[in-house]
Every structure is written in C-alpha cells, then in structure tokens.
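Remarks on the structure that follows.
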Amino acid sequence: MKCWTLGDRVLAVAIGDLTKVRAEAVVNPANSLMIMGGGAAGALKRAGGSVIEEEAMRKAPVPVGEAVITSGGNLPARFVIHAPTMEEPGMRIPLVNAFKASYAALRLASEAGIESVAMPAMGAGVGGLSVTEVAREAAMAASILRGKWPRYIILVARGEEAYRGMEKGVREALGVEGGECPADLARLV
C-alpha cells in the first residue's frame with residue numbers, strides 16, 4: 001500500500017477486493033440506469049445482495065457527473081456510492097467520464113460526512129479505459145476537492161499489475177512519490 005497526504009487527508013492505493021473492504025463506503029462505477037450487471041457493479045451486487053441494486057434503481061436515471069448513495073446491503077461497507085461512468089450498461093467511455101464519476105463520488109461522500117471511501121478503477125474494465133488513466137483522473141478529482149473529501153480515499157486494485165498502474169496514475173497526477181500509510185488505514189483493506 002502507498003499513500004499520498006494532501007493536508008489532513010490521505011489518498012491510498014492498495015491491492016484488495018472491493019467487496020471486502022471495510023471503508024465506510026465503496027464506490028460503484030455505475031451506469032445511469034443503475035443496473036448492476038457486470039464488472040465491479042456485479043461483484044458488489046453478488047456480495048452485498050440485490051437490495052443494493054433495488055435501492056439504486058429507485059433513484060435512476062442518474063446522469064454521468066452525479067452520484068447517489070444506498071445502503072451497503074451485506075457488504076462490510078455501510079454505504080455504496082453509485083457514480084455513473086456511462087449512460088447504459090457495457091458502453092465504452094471517454095476519459096472525462098472517469099473524472100466526472102470520481103469527482104461526483106468524492107463530493108457526495110464529503111456531503112454525507114463519510115470518513116473513508118474505497119474506489120475501484122472508475123471506467124477501466126467495462127468502460128475500456130486504462131487503470132493508469134482512471135487513477136490519474138481520481139487523484140486529480142481529489143486534488144481539486146482538496147480538504148473537501150473524506151479523510152481516506154482508497155483506490156482498490158485487483159492484483160499487482162493494476163496496483164502498479166494505479167500507483168503510476170496517482171504519482172503522475174500529484175507529481176510526487178507515495179510514501180508510508182497511517183497504521184489505521186491498513187485495517188480497512
């Protein structure tokens with residue numbers, strides 16, 4: 001795990017399973033219709049139960065650039081923040097959508113008073129973007145929201161290759177190497 005400190009906030013990159021993270025909230029890189037079929041959304045639904053999708057669909061449609069919050073169902077996380085990266089399931093997306101979704105998710109987490117949020121590579125996978133690109137967009141969104149985002153943001157990578165890509169993207173966005181993480185952060189991943 002590597003961390004970057006921005007004021008009193010910490011942005012971390014870690015290898016893990018988003019469905020098992022014990023952050024207060026996890027982010028679903030959703031579609032505007034809130035259908036949780038594949039990718040991270042499908043994994044969250046399988047692990048947390050269909051109640052998450054049912055709650056989210058009652059709030060649909062949600063445009064790219066906005067976000068909604070639901071319960072975490074059976075997940076260790078208390079909440080799921082649904083931030084659309086695409087209008088319909090299975091779409092390839094432009095890079096700006098990864099930024100818009102990350103920004104919306106972090107803004108909503110802050111408004112809801114959430115202290116820790118875990119995000120996958122928003123727009124990689126189903127969306128067709130690279131892990132490095134979307135991590136760079138997430139770090140830029142956090143940088144713009146400086147001081148107005150949760151105490152901890154954890155970018156969760158699925159495996160070593162994704163971890164290296166995320167770490168590179170954050171390093172490029174912030175212009176500095178990551179360092180050691182606070183001890184209490186490790187318990188969340």
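For each pair in Lys59/Lys100; Lys100/Lys168; Lys45/Lys168; Lys20/Lys45, compute the distance between the two Cα atoms and list the pairs where it is over 23 Å.
Going by Cα-Cα distance, Lys45/Lys168 fall outside the 23 Å limit.
Give a quick list of GluC sites (Glu not before Pro) in region 15-105 that DSSP marks as loop, anything other than H, G, I, E or B, with at most 16 other Cβ atoms within 10 Å.
Taking region 15-105 and a limit of 16 other Cβ atoms within 10 Å, the loop GluC sites (Glu not before Pro) found are Glu87.
Which length gain, in nm to one decimal place, applies between Arg164 and Glu115 when the Cα-Cα distance is subtracted from 0.36 nm times their residue separation? Please report the intermediate quantities before stating the final value.
Working: separation 49, 0.36 × 49 = 17.64 nm, distance 2.54 nm.
Gain on stretching Arg164 to Glu115: 15.1 nm.
Which whole number in µm²/s is D for region 88-159 by Stokes-Einstein, with the Kirkwood Rh taken over Cα pairs at 20 °C and 1.002 mPa s? If you can, show how the numbers build up before the last one.
On the way: Rh = 12.3 Å.
Once the numbers are plugged in, D ends up at 175 µm²/s.
According to a simple spin-label model (label point 7 Å from Cα along Cα-to-Cβ), what is the distance in nm between Lys148 and Glu54?
So the two model labels end up 3.6 nm from each other.
Given Cβ point charges of +1 (Lys, Arg) and -1 (Asp, Glu) and nothing else, what value in debye, to the nearest 20, does the dipole of region 2-177 about its Cα centre take?
Charge dipole of region 2-177: 200 debye, to the nearest 20.
If each DSSP helix of 4+ residues adds -39,500 (n - 2.57) and the sum is divided by the residues in the chain, what number results at 222 nm, nearest 500 deg cm²/dmol?
-10500 deg cm²/dmol, from helical runs alone.
Report the calculated FRET efficiency for Met91 and Leu6 (r = Cβ-Cβ distance, R0 = 35 Å), to the nearest 0.05.
Rounded to the nearest 0.05, the efficiency is 0.65.
Over region 65-111, what is the relative contact order in percent, taking alpha-carbon pairs closer than 8 angstrom and at least six residues apart?
Normalised by residue count, the contact order of region 65-111 is 42 percent.
May I ask you to derive the FRET efficiency for Arg46 and Ala183 from their Cβ-Cβ distance with R0 = 35 Å, giving the value to the nearest 0.05?
Details: r = 32 Å, r/R0 = 0.90.
Using R0 = 35 Å, I get an efficiency of 0.65.
Would you kindly work out the equivalent ellipsoid of the chain from its C-alpha gyration tensor and give its semi-axes, the square roots of five times the eigenvalues, largest first in whole Å?
Equivalent ellipsoid semi-axes, largest first: 23, 17, 15 Å.
No value in this document is a laboratory result; all are computed from the given coordinates. This structure is a prediction, so every number in the text was calculated from the model and none was measured. So basically every Cβ, Gly included, is an ideal-geometry build from the backbone, and we count neighbours across all protein chains shown.
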